[in-house]
Every structure is written in structure tokens, then in C-alpha cells.
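The values are calculated or read from the model by the stated rules, or taken from the named source; none is laboratory data. Everything numeric in this text was worked out from a predicted model, so none of it was measured. Cβ placement follows ideal geometry from the backbone for every residue including glycine, while neighbour counts extend to all protein chains displayed. The accessibility values were calculated without ligands, DNA or RNA, using every heavy atom of the protein model including side chains. Shrake-Rupley method; radii C 1.70, N 1.55, O 1.52, S 1.80 Å.
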Amino acid sequence: KCYWVMWGGDFYFPQKQSIFKKFVIKNIGYLITYMPKQIEYVREHYKAKGQYIDCLFYPDGIYQKKLTELLKNSGIRTNLAEKKIRILVGNSATETNRHEIVFYKVKQYIDTRDIPLSSIEIIVPLSYGDIYYREKILKIGFELFGDSFNPLINFLKYEEYLKILLTIDIAIFYHNRQQGLGNLIQLLGMGKKVYLNKETPQWSLFESLGVRVFDFDTEFNLEIEEIPENSKIIEKEFTVQKVIEGWKRILE
């Protein structure tokens, strides 16, 4: 009678996992997630036999509509006065964000179209993760983008971080595993344009819900687009009530 709340770092890259972890994943009784593709993954790579339980298990997965509206109405502007295109890249200082690939593709796009760097701002959350990887990404970021590179090194209050998300025009989450879902839910709920890696569970999740996301490999551009239809779906699907219902099914 064991329930595993599945977290991306628990099981991706099976070749790096211990024989003990593989044994537990294979035999544990219940698998809790709200992304069916994760179930497919552990069944394929670990021969997991447990029963799948659909549950929005973590408060990070709740769209903060009331707080977002409050912040928006408090005077914050979704686009800055200088009309820069604000691009958010990733959510943490971990290799699975694949910052380098994103940076070089964005830089190539800018250069081939003669877009001035002064009209772009690259915002990169690096407040947690691998400190050595963070230093590497800081170096590359400043080399490529100069003063247009804006890394977030220190932890921010939740409200302050949401304020930053409200000013974003385009978000790029080119992870090669499930990661940054809390950020994605807030950004999509705000109607922001979001690029993903099509091979990830989060792509499949949003596609199944009818949420419009963009493929970074084939669709990338710097055209700003608001998607109000996404806001309606996110507001409906990622709620406190969904979390409560999911845990009630488990605990009762």
C-alpha cells in the first residue's frame, strides 16, 4: 500500500538510476501523476506494474488567477515602456533546461533578421540548481546578449516573481524532461506565448487539454501573440478543487 507521487527527477534517465530505485519503481503499488505520458515512460523503462492514479497533487499546479488579476490591476504593465521583447528561458540552473541550445537559436534568429539586441531582453531564472552549471550559463548568456541578458540569481517573493511573468512576451521551456510545470501553468493562464519541446510529457498534457503551445524546433519566431483561449482552459483545469478531489480519491 505505497503511493508514489511521481516527480520528474525521480525517474528520467534510467541509465543513471540505481538498481534499488529501479526495483522500487517496478513494484510500487500506485503511481500518482496528472501526465499519462509519465506512466507510459515508467512502464516502458522500468516495467512499472502499479495502478495509475490521476491527481493534480501539488499546489504549484494551481493557476493563481485572483493573485494575477490583483497584481495586474495594481498598475503593473504587461509590456514595458521601452517596448522590448521580453523572453523567459527555462526555470532553473539545471542542464535539462538546455539553455545553450535556446540561446544560440535565439541569437541566430536575431542576427539573421538584423534585430537590434537593445530591443530584446533575455530573462533567465537561475536561483536554484547546479552552481557550476549556473556559472557556465551566465558566461554564455553575457557573451551572446551583453546588457540584454538578465539572469535572476536570487530567490524572489512569489508575488514578485509573478509580476515578472506578467511582463513576459514569450517563454521558452526546451527541457528534455518534465520540469517547470508550475511556471508553465501561470504563463499559459496569463495568455502568454509558450514554446516547448514536443517530446516532453508537458507537451502531451497541454495538447490533450486543447491548450495551444508552440514547437520550439519548427515554429520559433519572435512574433508576440496573446492567447486568451489558453487562459480559459487553464483556469478551468488547474484549480484548488481539482487538487482536493484528487487527494480525496487517494485518502478515502
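The figures follow:
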read-out: Any chance Ile140 is of a type in the set (A, V, I, L, M), assigned to a helix (DSSP H, G or I), closer than 14 Å to Ala93 by Cβ and in contact (Cβ under 8 Å) with a residue 24 or more places away in the chain; value: yes
read-out: The listed residue being modelled with pLDDT under 95, among the small types (Gly, Ala, Ser) and out of contact with any Phe, Trp or Tyr (no Cβ under 7 Å at 6 or more places or on another chain), out of Ser118, Ser148; value: Ser118
read-out: Residue match in segment 134-152 (condition: more than 30 Å from Ile233 (Cα to Cα), touching a Leu at 6+ places or on another chain (Cβ under 8 Å), surrounded by 12 or more Cβ atoms within 10 Å (Cβ to Cβ) and among the basic types (Lys, Arg)); value: yes
read-out: All positions within segment 209-236 that are without any contact (Cβ under 8 Å) to a residue 60 or more places away in the chain and assigned to a helix (DSSP H, G or I); value: Leu209, Asp217, Thr218, Glu219, Pro228, Glu229, Asn230, Ser231, Lys232, Ile233, Lys236
read-out: Subset tally (residues that are within 15 Å of Leu156 (Cα to Cα) and open to solvent by 20 Å² or more (accessible area, probe 1.4 Å)) for segment 112-128; value: 2
